[in-house]
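Undergrad: Before we start, here is the structure in question, set down as structure tokens.
Read-outs: derived from the displayed coordinates by stated rules, not from any lab. Only a predicted model underlies this, so the values are computations on that prediction, with no experimental measurement involved. Note that each Cβ is placed from the backbone with ideal geometry, even for glycine, and that neighbours are counted across all protein chains shown.
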Amino acid sequence: MIADLPVGLRQSGALEVRDKFETISGGHVLDVGTQTGDFIKTLMIVLSNYHSFTGIDISEDDLKKAKENLKDAPVNFVVMNAEKMTFQDSYFDTVCMSYSLHHLENIDIVLAEMYRVLKPGGYFIIQEMYSDGAQAPAQIVDRDVHHLDVKIDTLLGIPHFETLTRQKMKDLINRIGLSNVDVFESSWSVKCLFCEDVRECQNPRRADNIEFILKEIDEDLEKICTHPSYDELRKEGDSLKERVRDYGSAAASVMYFFGKK
Ligand SMILES: C[S@@+](CC[C@H](N)C(=O)[O-])C[C@H]1O[C@@H](n2cnc3c(N)ncnc32)[C@H](O)[C@@H]1O
């Protein structure tokens, strides 16, 4: 962990989440919706120990990036739809998912599959941003930029949904049938505890971050530049860009669930 954490991060709730991770011996770990492997990297730092990781994603292109990102690490990457995993029942000691709930077309089916492949007594871990609660104006801007991208992906037929509320997530997790569920909320992600850039991230008006978000809005809109809804969404994008310039942008707050099968 980096020394001299900024006060905002120290008070965010992320330290409590890290402490919880540090009590967990991961064994054989499954990460669902791995994308570029970012969460696996964090788990390698925060879990008390582990034997191996398996990362699955429906997107072959994303897994190529993950392979590149984690090329010397003990990770098995498999292109697979999490709605229908090919693993045997009770195969993994730990199953987890990060920032992927709102990308799933059939959330309950995926959560039930994750439960099926988890050993009795194993940990089921979810990390996901949430939309409600007392978030800073810069976080609300970030959420609305995300929601513009959701509208665009929906027009393109790509499953992508608005950021979930905390209650909606609790309802989903309650239906899995886990025991001993611990819930944490943090205004910063646990990975920030290990990021050298964190002091700069404290400032939502940081120039390079603002440039990044403005570019992201343009790139999102570019995906539908020939669509009949383009002009309307362009207007929404331009007004979001004004808000980014006024308030800056900061990542949404995060919810963590740790339950046992
Ligand atoms: C926002 S990304 C995940 C980010 C990553 N876990 C992290 O923490 O950095 C969501 C991922 O879920 C994947 N995904 C969506 N539906 C899926 C499904 N049914 N099965 C497997 N992966 C899926 C997408 O391809 C995408 O890579």
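Undergrad: Between helix 107-116 and the chain, what is the angle of the helix's C-alpha long axis to the longest principal axis, kept within 0 to 90° and rounded to the nearest 10?
TA: 20 degrees
Undergrad: Sticking with this structure for a sec: Counting helices only, and only those DSSP H runs with n ≥ 4, report the 222 nm mean residue ellipticity of the chain as the sum of -39,500 (n - 2.57) divided by its residues, in deg cm²/dmol to the nearest 500.
TA: Result for the chain: -12500 deg cm²/dmol, rounded to the nearest 500.
Undergrad: What distance in nm separates the two pseudo spin-label positions at Q167 and V79, each 7 Å out from Cα along the beta-carbon direction?
TA: 4.1 nm
Undergrad: How high is the relative contact order of the chain, in percent, with contacts defined as C-alpha pairs under 8 Å that are six or more residues apart?
TA: The normalised contact order for the chain reaches 24 percent.
Undergrad: Any chance you could run the full-extension gain for E22 through D182? It's 0.36 nm times the residue separation minus the Cα-Cα distance, nm to one decimal.
TA: 56.2 nm
Undergrad: Now for a separate question. With θ set to phi - 60° and the Karplus curve 6.51 cos²θ - 1.76 cosθ + 1.60, what are the ³J(HN,Hα) couplings of the range 173-188 in order, to the nearest whole Hz, using x for Gly and Pro?
TA: 3J(HN,Hα) across the range 173-188, in whole Hz: 5, 4, 6, 6, x, 7, 10, 6, 7, 9, 10, 10, 10, 9, 7, 10.
Undergrad: Let me ask something else about it. Can you give the FRET efficiency to the nearest 0.05 for K235 and E200, using r as the Cβ-Cβ distance and R₀ = 22 Å?
TA: After rounding to 0.05, the efficiency reads 0.10.
Undergrad: Along the Cα→Cβ direction, 7 angstrom out, place labels at Q88 and D72. What is the inter-label distance in nm?
TA: Each label point is offset 7 Å from its Cα along the Cβ direction, giving 3.4 nm.
Undergrad: Taking the Cβ of F87 as the center, what net charge do the other residues with Cβ under 15 Å away carry, scoring Lys and Arg +1 and Asp and Glu -1?
TA: -2
Undergrad: Right, here's the next one. Which pairs in the list K65/K191; K65/K260; K67/K151; K191/K241; K71/K261 are over 21 Å apart, alpha-carbon to alpha-carbon?
TA: Details: K65/K191 19 Å; K65/K260 31 Å; K67/K151 30 Å; K191/K241 27 Å; K71/K261 31 Å.
Pairs exceeding 21 Å: K65/K260; K67/K151; K191/K241; K71/K261.
Undergrad: Compute the length gained on full extension between N174 and F212: take 0.36 nm times their separation in residues and subtract their Cα-Cα distance, giving the result in nm to one decimal.
TA: Contour length minus Cα-Cα distance gives 10.0 nm.
Undergrad: Under 8 Å for C-alpha pairs, at least 6 residues apart: give me the relative contact order for the range 103-245, rounded to a whole percent.
TA: It rounds to 30 percent for the range 103-245.
Undergrad: Let me ask you something else. May I ask for the net charge around D171, where only other residues with Cβ less than 14 Å from the Cβ of D171 are counted and Lys, Arg are +1 while Asp, Glu are -1?
TA: In short, +1.
Undergrad: Could you give the angle, 0 to 90 degrees to the nearest 10, between helix 60-69's Cα long axis and the longest principal axis of the Cα atoms of the chain?
TA: So the inclination is approximately 80 degrees.
Undergrad: For the chain, give the share of DSSP beta bridges that are antiparallel, in percent and rounded to the nearest 5; count only bridges with both residues there. Working shown, then result.
TA: Working: 13 of 34 bridges.
So the antiparallel bridges amount to about 40 percent of the total.
Undergrad: Same structure, new question: Between helix 207-222 and the chain, what is the angle of the helix's C-alpha long axis to the longest principal axis, kept within 0 to 90° and rounded to the nearest 10?
TA: Roughly 90 degrees between the two axes.
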